[in-house]
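Taking it in order: structure first as structure tokens, then the write-up.
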Amino acid sequence: MTARPDLRVLCFGDSLTAGYSYWGSVHHPYNEMLENMLSMAYPDLKIVTVEDGLSGSTVKHEFLSRMNTQFAAPKKKKQDEGPDGKRYDWAIVLGGTNDLAMGFPPEDIFETLKEVWDVPLSHQCKVLALTVPEAGVTGESRERLDARRDKLNNLIKGYKRDNFHVFDLHKAVPYWGMSESDRRRYWDDHIHFTPAGYDLIGNKVGISLVSLLAMEKANSPQRPQKRRRMFKDDDKEFEEEGGDPSAINQGYVVVRRADLD
């Protein structure tokens, strides 16, 4: 029987999660770089990332049913489940680009996103929500779209709940804030990324998740350390320890077993 991974991450979303590039002739999802980042940070852990990105998918129409499918109780216990039936430790959710393009109000998108996030949260799975990245549209439509995207992203960033975290992808990977050479390297069109761009996303999200995992470990209750056995003379003060430590001709350097522990 295959052992369950030590860390299992779901990357969930639309074409930006699927790694859509070059008019769909190439798919290079960011979870590949993310998994590399996590494996480098935690080489002793068995890490698995699962990509569930569906091109054209909207938060309002498909996200909730798809997320419910990911966390539906299987008829037969799967090998990658823990003893409590938990399949994922983290769910990274990116959505809203298609909804904004279709004219859905930011408030409606956000309300549905909360329902989507609630599915993994109710299954003891932490959530890392990503803000919606820029689009390279120009003219009057850019101002209107930017305002609606900013509204949605501010709602995402302002949401507070236990085990819920946000990474500001919009700020981390800008379109207009990049140099033209970087834009050509990382952006395929005004919405999607090149393979190098998806690797950049995986790198940025990976750094954020590694930081969250480190904080999680630092804040977890530490097991009391086993008291080390004392050795003879560990508490004794030796005569040679006296004298002026700044004078090279006075005293010795004494190292006790306790100093090495």
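No value in this document is a laboratory result; all are computed from the given coordinates. This is a predicted model, so every value here is computed, not measured. Cβ coordinates were reconstructed from backbone atoms using ideal geometry, including for glycine residues, and neighbour counts include every protein chain displayed.
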Checklist entry - Where does the charge balance sit around LYS204 when Lys and Arg score +1, Asp and Glu -1, over other residues with C-beta under 13 Å from its C-beta? => result -1
Next on the checklist: Can you give the local net charge around GLU32? Use residues other than it whose beta-carbon is closer than 12 angstrom to its beta-carbon, Lys and Arg +1, Asp and Glu -1.
Outcome noted: -3
Checklist entry - Cβ under 13 Å from TYR175's Cβ, TYR175 left aside: what net charge do those residues give with Lys, Arg +1 and Asp, Glu -1? => result 0
Item to check | Alpha-carbon gyration tensor eigenvalues x 5, square-rooted, for region 7-219, Å | outcome: 27, 20, 16
Next on the checklist: How many angstrom lie between the Cα centre of region 132-155 and the Cα centre of region 158-205?
Outcome noted: 14 Å
